[in-house]
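> Submitted below is the structure of interest, expressed as structure tokens.
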Amino acid sequence: MLKDGEKGAVLQRGKKTYAIVPHCSLGLVTPDQLRRMADIADKFNAALKITSAQRIAIVGLQEEQIDQAWAELGMDPGAAVGLCVRSVKACPGITFCRLATRDSLALAKRLDSEFHGRKLPWKFKMAVSGCVNQCAENCIKDFGFFGKRSGWVVTVGGNGGSRPLLAMKLAEKLDDEQAFSLATRVLDYFDAEARKTERMGRMLQRIGFENFKKKVLA
Ligand code: SF4
């Protein structure tokens with residue numbers, strides 16, 4: 001039996017089959033990738049499930065089918081389990097949405113390229129939304145940005161799950177470079193200061209939000 005995450009596979013209920021979750025950065029997939037996922041699901045009698053992290057899981061594979069499925073997909077595994085940066089959820093932003101004020105896909109792409117899969121004390125989820133509507137659900141993400149005409153608003157410390165927390169405003173009126181630079185400082189700080197399996201919001205409760213703000217905004 002594979003360990004969770006080994007070969008990019010996650011054991012399913014019943015402990016007989018696995019799901020694999022290709023990395024669809026920002027929820028964007030090409031028609032060719034979609035066709036390959038569908039072909040693999042057909043070939044191995046598996047299901048396709050859209051996940052909350054804007055990915056598509058191929059569910060119901062036998063252990064001996066996993067290597068071949070990855071080889072035929074030609075995609076990297078998404079960081080779906082473990083202590084790391086999991087996903088960067090992004091709304092369509094100024095590329096497609098008429099309400100957007102900032103380019104959420106461009107900032108999210110940069111964050112995803114730099115940080116996806118980075119090892120951290122616990123899971124870490126990010127969101128980037130192009131306007132105050134926050135369609136990427138910034139309020140329940142460890143770290144996020146949403147756009148205003150005056151610049152990016154930064155939120156921190158949210159999470160879903162059994163002990164949910166709402167994110168708090170950390171900074172505002174940031175341009176793209178300032179936003180990316182702050183993301184780097186926040187992740188470095190979390191990496192250094194969080195306890196193992198402590199979410200960002202719990203760490204902020206322990207060390208104090210104002211104290212954290214002083215450190216990362218200095
Ligand atoms: S957050 Fe704003 S820009 Fe993004 S999809 Fe929603 S309404 Fe559009």
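> For the chain, set up a Gaussian network in which alpha carbons nearer than 10 Å are linked by springs, and say which option among 31, 121, 22 fluctuates the most.
Looking only at 31, 121, 22, the biggest GNM fluctuation is shown by 31.
> Could I ask something else about it? Considering only C-alpha atoms, what is the centroid distance from the stretch 1-68 to the stretch 70-142, in Å?
19 Å
> Hey, another quick one. Rank 45, 62, 218 by how far each Cα sits towards the positive end of the charge dipole of the chain (+1 on Lys, Arg Cβ; -1 on Asp, Glu Cβ) and give me just the farthest.
218
> Further, regarding this structure: Which of 140, 207, 66 moves the most in a Gaussian network model of the chain with Cα springs under 10 Å?
Looking only at 140, 207, 66, the biggest GNM fluctuation is shown by 207.
> Determine the gain in length on full extension of the stretch residue 52-residue 198; use 0.36 nm per residue of separation and subtract their C-alpha separation, reporting nm with one decimal.
Additional length available on full extension: 50.4 nm.
> Here's something else I'd like to know. In nm, to one decimal, how far is the modelled label at residue 71 from the one at residue 4, with both set 7 Å along Cα→Cβ?
Result: 2.9 nm between the two label points.
> Starting from a Cα-only point model with no solvent, please compute log10 I(q)/I(0) by Debye for the chain at q = 0.07, 0.15 1/Å.
-0.23, -0.96
> Same structure again: What does the helix-only formula give at 222 nm for the chain: each DSSP H stretch with n ≥ 4 adding -39500 (n - 2.57), the total divided by the residues, and the result rounded to the nearest 500 deg cm²/dmol?
Numbers: 7 runs with 72 residues, N = 218.
About -10000 deg cm²/dmol.
> Another question about this same structure. Which is farthest toward the positive dipole end of the chain among 75, 23, 180, measuring Cα position about the Cα centre, with Cβ charges +1 (Lys, Arg) and -1 (Asp, Glu)?
Selected residue: 180.
> What does the extension gain come out to for residue 169 and residue 98, with contour length at 0.36 nm per residue minus their alpha carbon separation? Can you show the working numbers first?
Working: separation 71, 0.36 × 71 = 25.56 nm, distance 2.48 nm.
Gain on extension, residue 169 to residue 98, equals 23.1 nm.
> Work through the residues other than residue 216 whose Cβ is under 11 Å from its Cβ and net out their charges, Lys, Arg +1 and Asp, Glu -1.
On the way: positive: 185, 213, 214, 215; negative: 188, 193.
Overall, the nearby charge balance is +2.
> Under the Karplus relation 6.51 cos²θ - 1.76 cosθ + 1.60, θ = phi - 60°, what is the ordered set of whole-Hz ³J(HN,Hα) values for the stretch 127-140, x standing for Gly and Pro?
9, 9, 10, x, 7, 5, 5, 6, 5, 7, 6, 3, 5, 10
> Give me a comma-separated list of calculated 3J(HN,Hα) values for the stretch 96-101, in order, Karplus coefficients 6.51, -1.76, 1.60 applied at θ = phi - 60°, integers in Hz, x for any Gly or Pro.
10, 8, 6, 8, 5, 10
> What does the charge count around residue 204 come to, taking other residues whose C-beta lies under 13 Å from its C-beta (Lys +1, Arg +1, Asp -1, Glu -1)? Intermediate values should be presented prior to the final figure.
Numbers: positive: 169, 195, 199, 202, 206, 213, 214, 215; negative: 142, 193, 198, 210.
Neighbourhood net charge equals +4.
> Using the Karplus curve 6.51 cos²θ - 1.76 cosθ + 1.60 with θ = phi - 60°, work out ³J(HN,Hα) for each residue of the stretch 9-22 in order, rounded to whole Hz, and write x for Gly and Pro.
These are the phi-based 3J(HN,Hα) values: 10, 10, 5, 9, 3, x, 6, 10, 10, 10, 10, 10, 10, x Hz.
Only the coordinates and a few stated rules stand behind these numbers; no lab work does. Everything quoted here is computed from the prediction, not taken from an experiment. Positions of Cβ are generated from backbone atoms using ideal geometry, with glycine treated the same way; all protein chains shown enter the neighbour counts.
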